[in-house]
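What follows is a single structure, written as structure tokens, with notes after it.
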């Protein structure tokens, strides 16, 4: 097919995923619709498809009432929090030392400053969990406050463009929590020792999701994996993050529809990159634990196609020969440029397991994560579908070059 035809199809895929399907968060009807759409579309190109199901939690919440006397404060329910309705004395802590010395048992705790400077990794997150986060969670669980109020600071690397953001996003953390801006927190902190009235509804709902895996080739042990996550944060259209990656995978699948070579081709719509437990990635690793070494290269697409700049790529664990093939394929005429290392997203699932990997994203990734991702601004108008088309053709060239190199 011509590039103009592929661009039109990509535009249609993007409209489907961002405007017709309005919520792709794991465990939701929209997420089911998105994975069904991906599976049906890629199967139409002759791929054998499989769905890897996993358990997850959907979540519903309401408004927050937070008052001290006659003074009201604006706050939002923490992601996956348990509900709360009660009164408690306000205590605050901005450092680990202050938290260690504070009497927080049976009180409402305000976390601010250093303790609210970045989103805390979930207790059981399998890929990254810094010691200081573990220490904070341990102190909170031992101290057992009635509830937590987090006055967060901006942190685009972990929270995207959203501000304020939920300090805790963890269905296994059972202290009720809300969050607010740092400015609102400073106003609340002046009431330390006073009685706080805090009320909000929140409900965890048992659900499920699935990865979609599509394959071609003659089942030789070696294979190339192309992947993108299909899920979003709640209440975001998720155009750059990451309908763009999914639409590019579908375009790539159509370009390679007639492939029937020896080398395995695997295209994966991961489900859960923006979910606290990374359940889709964990499920994939469980099924592939004994054969990860058969993957010659994994290429992850996330937040590509931004209306500004070029498409960027970065390499992880690639030897010189492999790196040269990647760089010769992802050429400037396809609007590609060498990007900065990016230690997030699904390429790290492979890299930390010693599988060579490539991340494909946008040149202005920091601008995207600071201002757009995880917010309602992540709309279709932020994406240039012609760049996604160029990326799909470049990736098909990369695949064909890898096939020739492994004959």
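The values are calculated or read from the model by the stated rules, or taken from the named source; none is laboratory data. In this text the structure is predicted, and so the values were computed from the model without any measurement. In this analysis, Cβ positions are derived from the backbone assuming ideal geometry, glycine residues included, and neighbour counts consider all displayed protein chains.
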Within region 195-217, identify whether any single residue is assigned to a helix (DSSP H, G or I), crowded, with 16+ Cβ neighbours inside 10 Å and touching a residue at least 12 places away in the same chain (Cβ under 8 Å), and answer yes or no. no
With respect to residue 273, determine if the residue is in a helix (DSSP H, G or I) and within 12 Å of the chain's Cα centre (by Cα). no
Would you confirm whether or not region 105-119 contains a residue that is within 26 Å of residue 67 (Cβ to Cβ), out of contact with any strand residue (DSSP E or B) (no Cβ under 8 Å at 6 or more places or on another chain), surrounded by fewer than 17 Cβ atoms within 10 Å (Cβ to Cβ) and touching a residue at least 24 places away in the same chain (Cβ under 8 Å)? yes
Just one listed residue, out of 293, 300, 324, is more than 22 Å from the chain's Cα centre (by Cα) and modelled with pLDDT of 95 or more, and it is 324
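Given the structure, is residue 340 without any contact (Cβ under 8 Å) to a residue 60 or more places away in the chain and farther than 30 Å from residue 50 by Cα? So that I can check it myself, show each step before the final result.
Details: without any contact (Cβ under 8 Å) to a residue 60 or more places away in the chain: yes; farther than 30 Å from residue 50 by Cα: yes.
It is true that residue 340 is without any contact (Cβ under 8 Å) to a residue 60 or more places away in the chain and farther than 30 Å from residue 50 by Cα.
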Show the residue pairs that are 6+ apart or on different chains and have beta-carbon atoms under 8 Å apart, the first residue being within region 372-399 and assigned by TED's automatic domain parsing to the domain that holds residue 360 and on the phi > 0 side of the Ramachandran plot, the second being part of a helix (DSSP H, G or I) and crowded, with 19+ Cβ neighbours inside 10 Å. 374/159; 374/241
Go through (1) assigned to a helix (DSSP H, G or I); (2) crowded, with 23+ Cβ neighbours inside 10 Å; (3) within 24 Å of the chain's Cα centre (by Cα) one by one and return the number of the condition residue 173 breaks. (1)
By residue number, the members of region 334-351 that are surrounded by fewer than 16 Cβ atoms within 10 Å (Cβ to Cβ) and modelled with pLDDT under 95 are 340, 341, 343
Breaking point among (1) touching a residue at least 60 places away in the same chain (Cβ under 8 Å); (2) closer than 17 Å to residue 401 by Cα; (3) touching a strand residue (DSSP E or B) at 6+ places or on another chain (Cβ under 9 Å), for residue 301: (2)
Can you tell me which of 188, 139 is in contact with a helix residue (DSSP H, G or I) (Cβ under 6 Å, 6 or more places away or on another chain), modelled with pLDDT of 95 or more and not in a strand (DSSP E or B)? 139
Any residue at all in region 150-158 that is in contact (Cβ under 8 Å) with a residue 40 or more places away in the chain, surrounded by 16 or more Cβ atoms within 10 Å (Cβ to Cβ), part of a strand (DSSP E or B) and outside the structural domain of residue 35 (by TED's automatic domain parsing)? yes
